[in-house]
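Colleague: Before anything else, here's the structure in question.
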Amino acid sequence: MKTVPFEEALTRYEPVIGLEVHVELGTQSKMFCSCSTNFGAEPNTQVCPVCLALPGAMPVANRAAIESIIRIGLALNCSIAEWCRMARKNYFYPDMPKDYQISQYDEPICTDGYLDVTVDGKVVRVEIERVHMEEDTGKLTHSGGATGRIHGADYSVVDYNRAGIPLVEIVTKTVVGTGALAPAVARAYVAEIRDLMRALGVSDVKMEEGSLRCDANLSLNRPGDPWGTRTETKNVNSLRSVERAVRFEIERQAAVLDDGGRVHQETRHFQEGDGTTAPGRSKEQAEDYRYFPEPDLVPIAPSREWVEELRLTLPELPSVRRARLAEAWVIGEFEMATLVNAGILDIVEETVAAGVAPDAARKWWSGEFTRAASERGVEPADLPVTSADIARVEELIASGALNDKLARQVFEAVLAGEGSPDEVVAARGLAVVSDDGPLLEAIDAALAEQPDVAEKIRSGKLQAAGAIVGAVMKTTRGQADAGRVRELLLERLGVEG
Amino acid sequence: MSLIRDNASVLASAIAEGEVSSEEVTRAHLDRIAAVDERVHAFLHVDSDGAIAAAKRVDAKRAAGEKLGPLAGVPLALKDVLAMKGQPTTAGSKILEGWIPPYDAAVVERLRAADIIILGKTNMDEFAMGSSTEHSAYGPTHNPWDLDRIPGGSGGGSAAALAAFEAPLAIGTDTGGSIRQPAAVTATVGVKPTYGAVPRYGLIALASSLDQVGPCARNVLDTALLHAAIAGHDARDSTSINAPVPDVVAAALNADVRGMKVGLVRELSGAGYQAGVQQRFDEAVAILTELGAEVIEVSCPHFEYALAAYYLILPSECSSNLARFDGMRYGLRVGDDGSRSVEEVMALTREAGFGPEVKRRIMIGTYALSSGYYDAYYGQAQKVRTLITRDFTEAFEKVDVLISPTAPTTAFKIGEKVDDPVAMYLNDIATIPVNLAGNCAMSLPIGLAPEDGLPVGLQIMAPPMGDDRLYRAGAAVEAALVDRWGHLLIEEAPAL
Ligand SMILES: [Zn+2]
């Protein structure tokens, strides 16, 4: 597929993006029946007449799901409809038991909100067009055939456990003027939605399990021209993919337009392997879903009192929290973004709460523990080290019993399951040599080995002291307090520090 | 006593008193079905074993001194559009042939809880689309009054079962008149309760916003007793009304219309109504006046658009409701020979499984909901619906009940209108407004048309949750007519 290098594409075209995020709500039961929503059960064991669409079965809306969507809408600064209806979206597909999906059409429950995201220190306001409720479909698995799609498959099986799980669709208005930041804005937006859903406690938002899915719309136009034809890229299942998909579509569409071609309005699929997108079904002939109000459900009319009650249950929003923590820890946007992207903000906050200085907490988690976690293929927060362990080690450092190098050894042992920091220190005999006697011996030996350095220090070139301190640390295998060594050294040579 | 001719309330008290067992009553009806149903074809499926087992349970309960409900042990015919666990449920369609529901409709649960004996499933127009039961995929039902004539529809099987003394009670469903018009042409009683009064859970949907389950019997009191057994809120139907059910049994026992204001709907009589139908209707009006009701004429100007609106709303909803019959999960599957795509199998299944009337309505509804046509058709029909509801509201500010003939004609000949859909649709001209507005109505027999000797029905309409008014007025008219004739009209039906 022909592409134009990203930076070059942006010299000629302006990208317009739009994002649709689907979030599977973490309610106990499905949207319209009482079946469980647990992930990973045996196929077709979490089904009933309603979610199998047996003749005669009827839906009843799940109040917990409506509550969740109203809270999402409020968190996204949306207006909450006083009265709205579900609608049927009609189309035939074997993963959809009723051959229509209960969704919302022209009466979404939440409208006209916004979400601010920060990219490279720049705040971009992403306007939200609507947030609506719908039900998930079943899951088709195609066997045989080359493409893994329904066409060409030898046979397909369908698991209806997922059918009817409540889904929330969050649709942005078109986002313009982001230029080269478009891919990063798309990513930051989805990340922000993810954090928001977590903070609200409405979904486990596991992209890898499909509980948060994103479709990315993109079009290009020359500056001053009307918007171009957009494509909708589906199957974008990680934050990194969101960024890559938008970037690739910019590169691809630019090549099409450069050649004088026209972009087809179509659904495309993101290919995780090579980061490209491939055409799906064409939308040239717009599908007619024959939407009409769902007659089996009464309208949803959330009372204003209820909405206000729900507003009171809103947690601190992720952006507000980040601003608060950044101020408290005296760090900038970039440092904060690093913590968020590494997924360690929560655990750093917990560590600070355990009494560790913010800088130290950040340093341990973004250095030592992020490395250890990636080696083990786990999330940093899942490592076998607690905030209390870190607090204890920091105490030992402050008292001079450990230095940085020893502290790292202690954590290595803690992560290896050798016990608490105190147990590790005791068992391994890891402690700073605090008796001045052996240190002075080592200093004398080092001075004797490097008389020229000794002379330099005496003559006031204090930076030369490092060589002696280094030698002493080496002799003591790191178990010395470097500060104390320096003090003793200067004392020995009769130099003011 | 006659086990097959007596009313349900009479049978129930005889069973309760131990004069006869439920098993005897049930067996008598099963014998009657065996004797006459080959000619009537009211039933699609008879569950003899289940019925007798249920009857024995009732008899055991009685023997054990347990308290029995007011219809305990009495047999009933169930329209085949309601899911019944373990029993075939086809909705009159080939596409559901062989499907055995794994669950009971809410109404079936209530019937079982009331110890009512379900004899089997009755014939109907396919997916309740029709006014003659000729559109059943399993062949037509014959009117016991004249076997060459239709028993009405879509619930012709339930009405014919009552008229042929195959069951003293029946359940119907009414989307545009499917309980009332069959009642009218068979000289039985049928009520379309207020929309939402009887839960629809387990009712195979035709048009969700119009469908309503209701009671059918041979007299008003039995109908009320059955109404009381099936009505009331059910959380599994979101549209089910969560409010106390009006005391319809007390109303049926209080046959008094003195001081009642009765509105005669100007738009639902006169031109287009058979002379004998109009004559019997006029006599019913006179009876109401004699009984002390105040009859006045009221106008419902938008009723003339009811049929047109109905034939957009109903097909629209049914085109969506019937989408699920795609051969993927249950019922018929055609063309699955390993060579065809899933779309082809779906299309072949629906092509083979649906009859012509069903296809016609699916196509009309698909068209009416299409983008670009939605506002002109479905949207406009909804506006008419609002206006019709307003007509009713204004009328009920002046009167307690409204009346009209139930159907414009008596039973027509089988085959007479089957190729003329519009003529067929006109049968429901008087019954449709009630479904569009969601209020309630009853049809009860008021005599035979002189020109053909066939039954004529009176329709009584009341506001939402005013179901008790139907029974009060209906029982009064029925009592006056029984006084006059010495028996219920159904007793004049020819022997089979
Ligand atoms: Zn379910």
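The values are calculated or read from the model by the stated rules, or taken from the named source; none is laboratory data. Here the structure is a predicted model, which means the values were calculated and not measured. No Cβ is skipped: glycine too gets one built from the backbone with ideal geometry, and neighbour counts run over all protein chains shown. Calculation scope for accessible area: heavy atoms of the full protein, side chains included, ligands and nucleic acids excluded. Shrake-Rupley method; radii C 1.70, N 1.55, O 1.52, S 1.80 Å.
Colleague: Here are some residues: A:T233, A:T229, A:T178. Which one is open to solvent by 40 Å² or more (accessible area, probe 1.4 Å) and of a type in the set (V, I, T)?
Modeller: Of the residues listed, the single one that is open to solvent by 40 Å² or more (accessible area, probe 1.4 Å) and of a type in the set (V, I, T) is A:T229.
Colleague: What residue, among those in the range A:98-115 that are within 15 Å of B:S320 (Cα to Cα) and open to solvent by 10 Å² or more (accessible area, probe 1.4 Å), is farthest from the chain's Cα centre (by Cα)?
Modeller: Out of the qualifying residues, it is A:K98.
Colleague: Starting from the range A:288-311, take each residue that is more than 14 Å from chain B (Cβ to nearest Cβ) and list its partners that are in a loop (DSSP other than H, G, I, E, B), counting only C-beta distances under 8 angstrom and pairs at least six apart or across chains.
Modeller: A:P302/A:A81; A:P302/A:E82; A:P302/A:I109; A:R304/A:E82
Colleague: Could I ask something else about it? Show the residue pairs meeting these rules: Cβ distance below 7 Å; 6+ apart or different chains; first residue within the range B:457-486 and hydroxyl-bearing (S, T, Y); second residue assigned to a helix (DSSP H, G or I).
Modeller: B:Y471/B:V220; B:Y471/B:A224; B:Y471/B:V248; B:Y471/B:A251; B:Y471/B:A252
Colleague: Okay, next question. Quick check on A:I66: is it more than 10 Å from chain B (Cβ to nearest Cβ) and touching a helix residue (DSSP H, G or I) at 6+ places or on another chain (Cβ under 8 Å)?
Modeller: In short, no.
Colleague: Only residues that are in contact with a helix residue (DSSP H, G or I) (Cβ under 9 Å, 6 or more places away or on another chain) and open to solvent by 10 Å² or more (accessible area, probe 1.4 Å): list them for the range B:137-164, please.
Modeller: B:A137, B:Y138, B:P140, B:H142, B:W145, B:L147, B:R149, listed by residue number.
Colleague: Note down all Cβ pairs under 8 Å where the first residue falls in the range A:42-56 and is more than 7 Å from chain B (Cβ to nearest Cβ), the second is within 14 Å of the ligand (Cβ to nearest atom) and not in a loop (DSSP other than H, G, I, E, B), and they're at least six residues apart or on different chains.
Modeller: Pairs found: A:P43/A:D159; A:N44/A:D159; A:Q46/A:S36.
Colleague: Would you mind finding the one in A:D154, A:D195 that is within 14 Å of chain B (Cβ to nearest Cβ) and either away from the ligand (no atom under 16 Å from the Cβ) or at pLDDT 95 or above (or both)?
Modeller: A:D154
Colleague: Sort through A:G367, A:G355, A:G343 and tell me the only one that's outside the structural domain of A:L196 (by TED's automatic domain parsing), open to solvent by less than 50 Å² (accessible area, probe 1.4 Å) and outside any helix (DSSP H, G or I).
Modeller: Selected residue: A:G343, the only one of A:G367, A:G355, A:G343 that is outside the structural domain of A:L196 (by TED's automatic domain parsing), open to solvent by less than 50 Å² (accessible area, probe 1.4 Å) and outside any helix (DSSP H, G or I).
Colleague: Given the criteria under 26 Å from A:G466 (Cβ atoms), in the same structural domain as A:D481 (by TED's automatic domain parsing) and in contact with a helix residue (DSSP H, G or I) (Cβ under 6 Å, 6 or more places away or on another chain), does A:L447 qualify?
Modeller: yes
Colleague: Another question, if that's okay. Check the range A:73-81 and report whether any residue there is within 16 Å of the ligand (Cβ to nearest atom) and of a type in the set (S, T, Y).
Modeller: No.
For (1) within 12 Å of another protein chain (Cβ to nearest Cβ); (2) closer than 24 Å to B:A14 by Cα; (3) outside any loop (DSSP other than H, G, I, E, B), each residue gets a yes or a no:
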site: B:L71; (1), (2), (3): no, yes, no
site: B:L78; (1), (2), (3): no, yes, yes
site: B:K85; (1), (2), (3): yes, no, no
site: B:T89; (1), (2), (3): yes, no, no
site: B:G98; (1), (2), (3): no, no, no
site: B:P102; (1), (2), (3): yes, no, no
site: B:G120; (1), (2), (3): no, yes, yes
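Colleague: Checking A:N90 against (1) modelled with pLDDT of 95 or more; (2) more than 12 Å from the ligand (Cβ to nearest atom); (3) away from chain B (no Cβ under 14 Å), which test does it fail?
Modeller: Status for A:N90: all satisfied but (3).
Colleague: Hey, another quick one. Which members of the range A:381-395 meet the condition of being part of a loop (DSSP other than H, G, I, E, B) and open to solvent by 20 Å² or more (accessible area, probe 1.4 Å)?
Modeller: Scanning the range A:381-395 gives A:P384, A:T386.
Colleague: Determine whether A:T3 is within 14 Å of the ligand (Cβ to nearest atom), among the β-branched types (V, I, T) and either in the same structural domain as A:D95 (by TED's automatic domain parsing) or open to solvent by 40 Å² or more (accessible area, probe 1.4 Å) (or both).
Modeller: no
Colleague: Among what's in the range A:23-69 and is outside any loop (DSSP other than H, G, I, E, B) and surrounded by 17 or more Cβ atoms within 10 Å (Cβ to Cβ), pick the residue that is nearest to the ligand (Cβ to nearest atom).
Modeller: Among residues in the range A:23-69 that are outside any loop (DSSP other than H, G, I, E, B) and surrounded by 17 or more Cβ atoms within 10 Å (Cβ to Cβ), the one nearest to the ligand (Cβ to nearest atom) is A:S29.
Colleague: Does A:K456 satisfy the criteria of being within 18 Å of A:E368 (Cα to Cα) and either assigned to a helix (DSSP H, G or I) or in contact with a Leu (Cβ under 9 Å, 6 or more places away or on another chain) (or both)?
Modeller: In short, no.
Colleague: Starting from the range A:28-39, keep only residues that are over 19 Å from A:I300 (Cβ atoms), then list their pairs with residues that are more than 8 Å from the ligand (Cβ to nearest atom) whose Cβ atoms are within a distance under 6 Å, requiring at least 6 positions of separation or different chains.
Modeller: Between residues of the range A:28-39 that are over 19 Å from A:I300 (Cβ atoms) and residues that are more than 8 Å from the ligand (Cβ to nearest atom), the close pairs are A:T37/A:I165; A:F39/A:E209.
Colleague: How about the range A:396-453: which of its residues are free of Cβ contacts under 8 Å to residues at least 24 places away in the same chain, under 13 Å from A:Q479 (Cβ atoms) and either open to solvent by 30 Å² or more (accessible area, probe 1.4 Å) or outside any helix (DSSP H, G or I) (or both)?
Modeller: Across the range A:396-453, the qualifying residues are A:D404, A:Q409, A:R428, A:G429, A:D435.
Colleague: Any residue in the range A:319-336 that is buried (at least 16 other Cβ atoms within 10 Å of the Cβ) and either among the small types (G, A, S) or within 14 Å of another protein chain (Cβ to nearest Cβ) (or both)?
Modeller: yes
Colleague: Tell me, please, whether a residue that is within 14 Å of chain B (Cβ to nearest Cβ), surrounded by 22 or more Cβ atoms within 10 Å (Cβ to Cβ) and touching a residue at least 24 places away in the same chain (Cβ under 8 Å) can be found in the range A:79-87.
Modeller: Among the residues of the range A:79-87, at least one is within 14 Å of chain B (Cβ to nearest Cβ), surrounded by 22 or more Cβ atoms within 10 Å (Cβ to Cβ) and touching a residue at least 24 places away in the same chain (Cβ under 8 Å), which makes the answer yes.
Colleague: Shifting gears a bit: Taking into account only those residues within the range A:148-175 that are part of a strand (DSSP E or B) and more than 27 Å from A:I193 (Cβ to Cβ), which is nearest to the chain's Cα centre (by Cα)?
Modeller: Applying the filter and picking the extreme gives A:V158.
Colleague: Also, I was wondering about something else. Of the residues B:S2, B:S13, which is open to solvent by 10 Å² or more (accessible area, probe 1.4 Å), over 18 Å from B:H142 (Cβ atoms), hydroxyl-bearing (S, T, Y) and modelled with pLDDT of 95 or more?
Modeller: Answer to the check: B:S13.
Colleague: Among the residues of the range A:284-325, what is the count of those that are part of a loop (DSSP other than H, G, I, E, B) and either under 31 Å from the mean Cα position of the chain (by Cα) or modelled with pLDDT of 95 or more (or both)?
Modeller: 17
Colleague: Going through B:L369, B:L307 one at a time, which residue ends up being closer than 26 Å to B:V81 by Cα and within 11 Å of chain A (Cβ to nearest Cβ)?
Modeller: B:L369
Colleague: Do we have any residue at all in the range B:210-217 that's surrounded by 19 or more Cβ atoms within 10 Å (Cβ to Cβ) and out of contact with any strand residue (DSSP E or B) (no Cβ under 7 Å at 6 or more places or on another chain)?
Modeller: yes
Colleague: If you go through the range B:250-270, how many residues are open to solvent by less than 30 Å² (accessible area, probe 1.4 Å) and within 18 Å of B:A217 (Cβ to Cβ)?
Modeller: 2
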